[in-house]
Every structure is written in C-alpha cells, then in structure tokens.
Amino acid sequence: MEENSQQDEFQRDILIYFSIIAMMGLIILISHLQLKVWGIFLIVSIACVEAGILAYYFMHLMTKKKTVHLVLLLTVVVFLSLLFWPAWDVAYSPRTHSEFTTF
C-alpha cells in the first residue's frame, strides 16, 4: 500500500512540474505577442496561478491548518487590490488632458 501511495505522489509531482514548465512557456509566448495591457494582465494572472500551485504543493500548504489558508487568502486580496488600484485610479480619477502630454 505504501509503495502505491509513493508512486501516486511521484506522478502528481511530475505532473505539477511539467504544468509549471508549460505555464512558463505560455508566459513567454504571451510576451512575444505584444498584447500591451492585456498581455501584462495575462502574464501576472498566470504567474499568480503558478506561484499558488508551487506554494500549495511544494511548500506543503495543503496539509496545514485553516489559519494558514486564511492568511494566504488575505495576502491574495491585498496583493490584487494593490495590483489593480493604479489602474482604477487612472481610469476613474478626473484629470485634465495636459497631464497626459509630454510637452
């Protein structure tokens, strides 16, 4: 029984490893497509998913208590709010046209 469990864990780890490599390839592909703002959004989103998978499996957070998961959720919420706060500010703050010019 123990040997079968170790084999399943090994296969899961290999699958996760190759999925991380595939996501990295996807990030590189998106960077070459020159999608401007959408490209940045996609790359950051994929990188966040990648970091979450790495933390969950390889840092063994899947076996930790509920408190660790709540702290991680709070971290994600704060990170996303700081990430999108400048975009919200630029989109919805009243500005004059002269602030966007370079002369």
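The values are calculated or read from the model by the stated rules, or taken from the named source; none is laboratory data. Only a predicted model underlies this, so the values are computations on that prediction, with no experimental measurement involved. Heads up, the Cβs are rebuilt from the backbone with ideal geometry, glycines too, and the neighbour counts pull from every protein chain shown. For the accessible areas, the whole protein counts, side chains as well, though only heavy atoms, and no ligand, DNA or RNA atoms are used. Shrake-Rupley method; radii C 1.70, N 1.55, O 1.52, S 1.80 Å.
Each row is one residue, and each column tells you yes or no for (1) touching a residue at least 24 places away in the same chain (Cβ under 8 Å); (2) surrounded by 10 or more Cβ atoms within 10 Å (Cβ to Cβ); (3) in a helix (DSSP H, G or I); (4) aliphatic (A, V, I, L, M).
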site: 4; (1), (2), (3), (4): no, no, yes, no
site: 20; (1), (2), (3), (4): yes, yes, yes, yes
site: 26; (1), (2), (3), (4): no, yes, yes, yes
site: 30; (1), (2), (3), (4): no, yes, yes, yes
site: 38; (1), (2), (3), (4): no, yes, yes, no
site: 41; (1), (2), (3), (4): no, yes, yes, no
site: 50; (1), (2), (3), (4): yes, yes, yes, no
site: 54; (1), (2), (3), (4): yes, yes, yes, yes
site: 69; (1), (2), (3), (4): no, yes, yes, no
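Please enumerate the residues belonging to region 6-18 that are open to solvent by less than 90 Å² (accessible area, probe 1.4 Å), under 30 Å from residue 83 (Cβ atoms) and either small (Gly, Ala, Ser) or without any contact (Cβ under 8 Å) to a residue 12 or more places away in the chain (or both).
Passing the criteria: none in range.
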